Amino acid sequence: MSAAAERTPVPAPAELGQVERFLDALWMERGLSENTLNAYRADLLATARWLGEQRGLGLAEARALDLMDLLAARAERGSSPRSAARLLSTLRRFYAHLRREGRIGEDPTAPIDAPKLGRPLPAALSEAEVEALLAAPDVDDPIGLRDRTMLEVLYATGLRVSELVGLTGAQINLRQAVVRVVGKGSKERLVPLGEEALAWLERYLREGRPALLEGAACDALFPSRRRRAMTRQTFWHAIKRRAREAGIRRPLSPHTLRHSFATHLLNHGADLRVVQMLLGHSDLSTTQIYTHIAKARLKGLHGRHHPRG
């Protein structure tokens, strides 16, 4: 037996029996082709091997967190969202079968959201383009200082534009350098600001915001010229104007800096699950599309700079 074979546990006979009974039931119920049944078999056996090696668990003992970690590990190895969707579909069918047989009480796939497929992401800005965009506003002007601070916070945190314009002063903790974000589904998360964004935020609160409000009351952290909460559209127009000033000609979307935040973190070695938490994604499969953007960029850098690229 090879060393690789010794390191990879073979599913126990009981596990193999569970898989085969499931496949027999599928064939009886739906008359699936041999190729489809073989694909299900391969997915389930690969899952069984991973659970045995990484968790010391059998298929029937897996929890939702174990299966999410499996999907994360596959994503780190370059598995596509479509492949993750197929695996999750197989697992859902398998655990539904185990429940019908009374072998498990709860379906561990129930808390796992299906991957979102076919949603293209706009290209992220390069790090040089981000620097140019951040430097575009005239920070001696209160509006320019506000825009610079918003761009710094957006790039440092990866917030959605709606989350950024909805921020209030109570959500910022300058001492701990974090922002408390209320995202989709009213879910809260704490996101670190970073030294650069924190420094600009402190300056803005000291100089820019008082000059914008001129004594008026406003809960919004980043008020508009009219001294009230800014809309997403207002900030989007500000981004496009600053991009023109920075000489950026490529098309931008309201989420360009959010995508750039995620891509640059991954390019610099951040863990996919950390990026998921920072972005506020409830499902890792939503985040894993960024790995393909990052890997494509790294491949391009290798091709340009490596002597044998």
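All of the numbers you see were taken from the coordinates with simple rules; none came from a lab. None of these values were measured; they are calculated from a predicted model. Backbone-built Cβ (ideal geometry, glycine too); neighbour counts: all protein chains shown.
Assorted remarks:
- Karplus-derived 3J(HN,Hα) values for segment 228-245, using 6.51 cos²θ - 1.76 cosθ + 1.60 with θ = phi - 60°, are 9, 4, 7, 8, 4, 5, 4, 5, 4, 5, 5, 4, 5, 5, 5, 5, 4, 5 Hz; glycine and proline are entered as x.
- Amide H partners (placed H, <5 Å) of Thr168, local residues excluded: Leu221
- Efficiency of FRET from Cβ geometry, Arg203 and Arg55, R₀ 41 Å, rounded to 0.05: 0.25
- Segment 23-112: GluC sites (Glu not before Pro) falling in loop per DSSP and having at most 16 other Cβ within 10 Å: Glu101, Glu106
- Residue separation of Ile143 and Trp236 scaled by 0.36 nm, minus their Cα-Cα distance, works out to 32.0 nm of gained length.
- Theoretical FRET efficiency, 1/(1+(r/R0)^6), r = Cβ-Cβ of Asp107 and Asn173, R0 25 Å, to 0.05: 0.05
- All Cα pairs of segment 3-100, percent lying beyond 22 Å: 28 percent
- Counted residue by residue at 0.36 nm each, then reduced by the alpha carbon distance between them, the extension gain from Glu29 to Arg92 reaches 21.1 nm.
- Our coupling estimate for segment 138-153, obtained by passing each phi through the Karplus curve with A = 6.51, B = -1.76, C = 1.60 and θ = phi - 60°, is 7, 7, 7, 9, x, 5, x, 5, 4, 5, 4, 5, 4, 5, 4, 5 Hz, Gly and Pro reported as x.
- Counting 0.36 nm for each residue step from Ala39 to Ser186 and taking away their Cα separation leaves a gain of 49.0 nm.
- DSSP-loop trypsin sites (Lys or Arg not before Pro) across segment 33-86, with at most 10 other Cβ within 10 angstrom: Arg77
- Rounded to whole numbers, the Karplus 3J(HN,Hα) couplings from phi for segment 87-93 are 4, 4, 4, 4, 5, 4, 5 Hz, using 6.51 cos²θ - 1.76 cosθ + 1.60 with θ = phi - 60°, and x at Gly and Pro.
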